[in-house]
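The values are calculated or read from the model by the stated rules, or taken from the named source; none is laboratory data. Note that this is a predicted model, so its numbers are computed, not measured. Don't worry about glycine lacking a Cβ; one is built from the backbone with ideal geometry, like all the others, and counts go over all protein chains shown.
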Ligand SMILES: [Zn+2]
């Protein structure tokens, strides 16, 4: 079975991510928030590092329950900074709390974050062969999120995020999930 060339076949976390998450449409707000946070933590690091720590992140951040995260106090923040299993970056940890608040404001306005994030492509997944017709998508999403106060929402992070949640499908032609299979 052929997979996209970037997949590290020796790492089961990476293979599973490629096979079951990347480019697969996600419509669940909790999961949409989880990947938003994970992509933010990835900034400056490898995605593989994040995937290998994903379960620790879920433990540390209450399974990415934004209702709980918005109430994190300084004691909890110190606890996270002392947690050797996750990425101990104060700015990213504080931004996670901030972004949970922005995320929930979007939910209030749109009914769900799902409604919001998918409206940019009129609820359709964009295959990489059609991406040129949506060339302003990344800036549009990034600018809108930043305007709402979201941190770490630059267009490079948003690009990876939209792939993770399946708004973009960038599987290569040689991949069993790409080419003529979509
Ligand atoms: Zn692939």
Pick out the one residue from 64, 120, 131 that is under 18 Å from residue 166 (Cβ atoms) and at pLDDT below 95. 131
A careful count of residues in region 93-150 that are assigned to a loop (DSSP other than H, G, I, E, B), without any contact (Cβ under 8 Å) to a residue 40 or more places away in the chain and over 28 Å from residue 61 (Cα atoms) gives 5
Restricted to region 1-55 and to residues being without any contact (Cβ under 8 Å) to a residue 24 or more places away in the chain, part of a loop (DSSP other than H, G, I, E, B) and within 15 Å of the ligand (Cβ to nearest atom), the residue surrounded by the fewest Cβ atoms within 10 Å (Cβ to Cβ) is 9
Which of the residues belonging to region 159-181 are in contact (Cβ under 8 Å) with a residue 24 or more places away in the chain, away from the ligand (no atom under 15 Å from the Cβ) and assigned to a helix (DSSP H, G or I)? 161, 162
Across region 56-87, what is the number of residues that are part of a loop (DSSP other than H, G, I, E, B) and more than 23 Å from residue 11 (Cα to Cα)? 8
